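Notes for the one structure printed next.
The values are calculated or read from the model by the stated rules, or taken from the named source; none is laboratory data. Since the model is a prediction, treat every value here as computed from it, not as a measurement. Virtual Cβ from ideal backbone geometry, glycine too; neighbours counted across all protein chains shown. Please note that ligands, DNA and RNA were not included when accessible areas were found on the heavy atoms of the full protein model with its side chains. Shrake-Rupley method; radii C 1.70, N 1.55, O 1.52, S 1.80 Å.
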Amino acid sequence: MAVDYGKCFRALNSPNITLHFNTEVVDIASYNKGQTSGILLRKVDTGEESVLEAKGLFYGIGHSPNSQLLEGQVKLDNSGYVIVEVDSTRTSVEGILAAGDVQDHEWRQAITAAGSGCIAALSFERYLVGNNLLIEFHQPQREEVKKELTDRDVQEGFDFTLTKNRGQYAL
């Protein structure tokens, strides 16, 4: 991925942005009942630590896909993201699906990762069924327990055949 130096210089010259070079985030400082009050920083060259006052923090994840495990196993792009078929979670290897930040170089968000994880799970189930690799196990039929209304059910007008009832009874 190429560096956009124009954006770098714009940030450097912005009066409301302070760049911290050779610095890593160590921890979140909290001095008030669990609320963020600052960020503990460490200079990587000197080891000097300081606290940057902040009332909140947005921590970006997924900017470096953790795909080292997959190198040489499935096709990756130049940035290390797993290449998947369009509108799919299928990779270059049959039966191997990719979901979440490891294949999503555009959005890189937890909620989209959860959604793509669901897609991968359902796609893998289809793969297993399509290749006769899925064995279904069914619970034995049990005799249905007869439900009887209590006096209070009758008094409150509760009907367990309905999906909604008034009062304390929630289904």
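When the criteria are applied in full, Ala121 fails the requirement of being under 30 Å from Ile17 (Cα atoms), at pLDDT below 90 and of a type in the set (Gly, Ala, Ser). Checked against (1) closer than 30 Å to Leu122 by Cα; (2) out of contact with any Lys or Arg (no Cβ under 8 Å at 6 or more places or on another chain); (3) touching a residue at least 12 places away in the same chain (Cβ under 8 Å); (4) not polar (S, T, N, Q), Ile83 passes all but condition (2). Restricting segment 68-118 to residues that are touching a Pro at 6+ places or on another chain (Cβ under 8 Å) and not in a loop (DSSP other than H, G, I, E, B), the residue that is modelled with the lowest pLDDT is Asp101. Criterion applied to Glu71, Glu94, Glu49, Glu85 was being in contact with a strand residue (DSSP E or B) (Cβ under 8 Å, 6 or more places away or on another chain) and open to solvent by 50 Å² or more (accessible area, probe 1.4 Å), and the one residue passing it is Glu49. Contact map, segment 37-49: first residue part of a loop (DSSP other than H, G, I, E, B), second residue open to solvent by 40 Å² or more (accessible area, probe 1.4 Å), Cβ cut-off under 6 Å, separation 6 or more or different chains; pairs are Ser37/Ser30; Ser37/Tyr31; Val44/Asn22; Val44/Glu24; Asp45/Asn22.
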